[in-house]
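The values are calculated or read from the model by the stated rules, or taken from the named source; none is laboratory data. This one's a predicted model, so the numbers in the text were calculated from it and none came from an experiment. Here the Cβ positions follow ideal geometry from the backbone for every residue, glycine too, while neighbour counts run over all protein chains shown. Note: areas computed on protein heavy atoms with side chains; ligands, DNA, RNA excluded. Shrake-Rupley method; radii C 1.70, N 1.55, O 1.52, S 1.80 Å.
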Amino acid sequence: MAIPPKWYQFLVGLFASLGSLLFGYDLGVIAQVIASQSFIDKFNPNDDEISQVLCLTLYSGAVVSVFTGGAFFGAAAAGPMGDALGRKWTIMMGALVFCLGGALQTGAQALSYLYSGRAIAGLGVGILVMIVPLYQAELAHPAIRGRITALQQFMLGVGALAAAWISYGTYVGFAPTNDSQWRTSLGIQVIPAVILAALILFFPESPRWLIAHGKPNEGLRTLAKLHAHGDETDPFVRAQFDEIQDAITFDHEHEARSYIELFKDRSSFRRLFLTCAIQASVQMTGVSAIQYYSVTIYGLMGIRGDETLQYQAISSVIALVAQFLCILLIDRLGRRWPLILGNLGNMITFIIATILLAKFPPSESGNKSAAWGFIVITWLYNFSFSATCGPLSWIIPAEVFDTKTRSKGVSIATMVSFAFNTMIGQVTKPAMTSVGYKYYFLFIICNFTNALFFWAFLPETAKRPLEEMNHLFRDAPLFVPRMRKEDYVSGELERRVEEVEAKRGFARTERVA
């Protein structure tokens, strides 16, 4: 029995999101790697504890920086690669680059190997997390586009959870003097990258890329395979094919042909500004900062080593549950209000966390109830973020641009994400050391201003065909709270479907006559 078209689209999107699984796994596993005694002994053979603590601190900052720095340049490269090579070949290139980086990390005999491997793996991840949601959005039916592109964040969470438990297993399963304690967990990350690189070419190319690059017949066949079990005469397939062709013709005549024009065209720049704001706002919710400091709280409570890894795994499970709920509900709830309410939910958890840290400093008060309250609040924050802001930061950029600008626009937005990620990662430790809990005021304010900004300026994009985003962002007012959604829904795709159905009905009548 043939797979229903929407399930087929979902499964293709799920396979492509192995690319974001690599991101989540690599981010999660490195903390265990640099904390492993065998790793410290190999790269810092000094016996004194102070030297080893300093070594660990330097490693933690450097390995994060080179990874996110590499991802920044990977996202930059993915823009022109996605346009020139196609979505599938770009995914394969990203996976192969990640394999090289993972192999260098696994076999590292000196710090230079590790840093080179981290930078190259980051380059591959930057390519993948930029191109995968774009590929997913271009394959998906408008009715399920949100849940398919939400797989990016969900699989990132799967990667983080796998890293937490694999790290725990290698941490307790190998002797502290055995290099396998950290090489095993690093080596495992190469496996999904090899699978992705080996099989992605067997999956369909984006029909929009094919049509835009002079392959309309192949694009039509792909649309039919995605939406109608290969029936090229299906009314929806024909209507969408015609709409894509018309939109691409318009794009070639009016839209950005270079990155500079992306800033010059009013409609394109509006979309670029919003998507960059979304990616920056996600980092300014405090996700990196609160996850970093929660580990410090564990230590102040006397929780160390393998127990810390267990609590991180619990947090990863909570994130997965939230991301799964997002997949189920995002196409029903839309984009706008989940993003607004998610930021307000983040703000509330930060207010409570700040009060707890101010009134009951864990290292001074000895109040374990308050410390446990902080940990529970971090879990609630993780749920709020993972159900809303995290997935939407990939969903919205992938769907608002038109075919001509999509690869360029998503590339720039993803670069902004990695730039802010690197900045927060570098600032958090000295900020917490200098001002303590007061650093959290920044994220309370940012979550509130994020919610206010998106309430004022982000129009609803759910369930719109990608080819109708031009109409929305060209004609809708900049200030959108009072905007009537129905005034900016062209209904062009539905009209085309009705026309095709009417013609087919007329043709059948003639044959009967």
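General remarks:
- C-alpha long axis of helix 403-435 to longest principal axis of the chain, angle in °: 20 degrees
- All-pairs Cα distance distribution in the range 260-484, expressed in whole percent, bin size 10 Å: 8, 31, 33, 18, 9, 2
- Taking the charge dipole of the chain about its Cα centre, with +1 at Lys and Arg Cβ atoms and -1 at Asp and Glu Cβ atoms, the residue from Ile244, Ser206, Val190 reaching farthest to the positive side is Ile244.
- Taking every alpha-carbon pair under 8 Å whose residues sit at least 6 apart, the range 260-484 reaches a relative contact order of 37 percent.
- Computed on protein heavy atoms with a 1.4 Å probe, the accessible areas place Arg406, Arg270 in the order Arg270, Arg406, largest first.
- Charge dipole of the chain about the Cα centre (unit charges at C-beta), most positive-ward option of Phe418, Leu356, Pro430: Leu356
- For the range 130-207, the fraction of alpha-carbon pairs in successive 5 Å shells from zero, as %: 3, 13, 16, 18, 15, 12, 9, 7, 4, 2, 0
- For the range 172-273, the dipole from Cβ point charges (+1 on Lys and Arg, -1 on Asp and Glu) about the Cα centre works out to 400 debye, to the nearest 20.
- For the pair the range 209-278 and the range 352-411, the centres of their Cα atoms are 33 angstrom apart.
- For the range 12-203, with +1 on Lys and Arg beta carbons and -1 on Asp and Glu, the positive-most of Leu161, Leu100, Gly19 along the dipole: Gly19
- Charge dipole (debye, nearest 20) of the chain; +1 at Cβ of Lys and Arg, -1 at Cβ of Asp and Glu: 520 debye
- Heavy-atom surface of the chain, accessible at 1.4 Å and reported per residue (Å²): 40 Å²
- All-pairs Cα distance distribution in the chain, expressed in whole percent, bin size 10 Å: 4, 19, 29, 24, 14, 7, 2, 1, 0, 0
- Taking Cα atoms only, the orientation of helix 190-199 departs from the longest principal axis of the chain by about 10 degrees.
- Dipole moment magnitude, nearest 20 debye, the range 260-484 about Cα centre, only Lys, Arg, Asp, Glu C-beta charged: 460 debye
- Orientation-averaged projection of the range 12-203 equals 10.4 nm² [convex hull of Cα atoms, one quarter of hull surface area].
- Peptides 97-105, 444-452, 261-269 ranked from most to least packed give 97-105, 444-452, 261-269, packing being the mean of other C-beta atoms within 10 angstrom over each peptide's residues.
- Point-to-point label distance, Glu499-Leu328, nm (Cα→Cβ direction, 7 Å offset): 4.1 nm
- Taking only the Cα atoms of the range 371-513, the radius of gyration and Dmax are 22.8, 86 Å.
- Helix 368-387 and the long axis of the chain differ in direction by around 20°, with both axes built from C-alpha atoms.
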